[in-house]
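Heads up: the structure comes next, in structure tokens.
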Amino acid sequence: MKNKLNIGCGNDIKEGFVNLDITQLPGVDVVCDIENSLLPFENETFEYIMCIDVLEHVDYPKVLKEIHRVLKPEGIVEIRVPHFTSSNNYIDPTHKRMFSFRTFDFFVNNTRYNRNYYFDFQFSELLFSKITFMNKNPLNWPFLIWVNANKTTQKIYEETFLRSIAPAYNVEVKLKK
């Protein structure tokens, strides 16, 4: 059995993955409405889960709980969502949520917010957190490296006028169970 899951695959069918989407498209292995249904897998089934451009469309805390449930211990989930400054938040009428690089800290043990009591599940570690920019805009070039130098520079970017000068594109994170 394949031990990798591609949630919300759409037309991005990945070889070696179970490809899951809400619509039966060519290459989709499993059709599931992740917002209104449990993931149709046993507990601790997958070592690696991709969730790219999906969580902005759903009530994501309960989807993250399901991802946590089907992820094996020490398993990794890779997530990409639009940053709250991204114009993509307003282009797609199906987007319901916006994200900061700090959003996922609320789902990880022993992070700066220490809000483990918010949810009845937690990931063990935030392995990676990055704010991305559209490379085509020359105004964004200085931000590509500086913003992601560390958590402090990411916070400075999000909390100051800098976010208006060079709006971000996405937030990318990797969480470990």
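The values are calculated or read from the model by the stated rules, or taken from the named source; none is laboratory data. Just so we're clear, the structure is a prediction, and the values are computed from it rather than from any experiment. FYI the Cβ positions are ideal-geometry reconstructions off the backbone, even for glycines, and counts take in every protein chain you see. These area figures cover heavy atoms from the full protein model, side chains too; ligands, DNA and RNA do not enter into them. Shrake-Rupley method; radii C 1.70, N 1.55, O 1.52, S 1.80 Å.
General observations
- Only one of Lys2, Lys14 that is closer than 17 Å to Leu71 by Cβ and modelled with pLDDT under 95: Lys2
- Annotation: Glu78 fulfils all but one of (1) open to solvent by less than 70 Å² (accessible area, probe 1.4 Å); (2) without any contact (Cβ under 8 Å) to a residue 60 or more places away in the chain; the unmet one is (2).
- Cβ separations smaller than 7 Å between residues 6+ apart or across chains give the following pairs from the stretch 13-25 residues that are under 17 Å from Phe41 (Cα atoms) to residues that are of a type in the set (Asp, Glu) and open to solvent by 70 Å² or more (accessible area, probe 1.4 Å): Val18/Asp29; Asn19/Asp29; Leu20/Asp29.
- Of all residues making up the stretch 31-53, the number that are touching a residue at least 24 places away in the same chain (Cβ under 8 Å) and open to solvent by 20 Å² or more (accessible area, probe 1.4 Å): 13
- Scanning the stretch 153-177 for residues that are open to solvent by 40 Å² or more (accessible area, probe 1.4 Å) and small (Gly, Ala, Ser) yields a single hit, Ser164.
- Taken over the stretch 139-177, the criterion of being β-branched (Val, Ile, Thr) and under 25 Å from Asp92 (Cα atoms) is satisfied by Ile165, Val171, Val173.
- Looking only at residues of the stretch 124-152 that are under 12 Å from Arg102 (Cα atoms) and among the hydroxyl-bearing types (Ser, Thr, Tyr), we find that the one that is most open to solvent (accessible area, probe 1.4 Å) is Thr152.
- Scanning the stretch 87-123 for residues that are β-branched (Val, Ile, Thr), without any contact (Cβ under 8 Å) to a residue 60 or more places away in the chain and closer than 22 Å to Lys155 by Cα yields a single hit, Thr111.
- Looking only at the stretch 95-118, and only at residues there that are open to solvent by 50 Å² or more (accessible area, probe 1.4 Å) and of a type in the set (A, V, I, L, M, F, W, C), the one that is farthest from Glu66 (Cα to Cα): Met98
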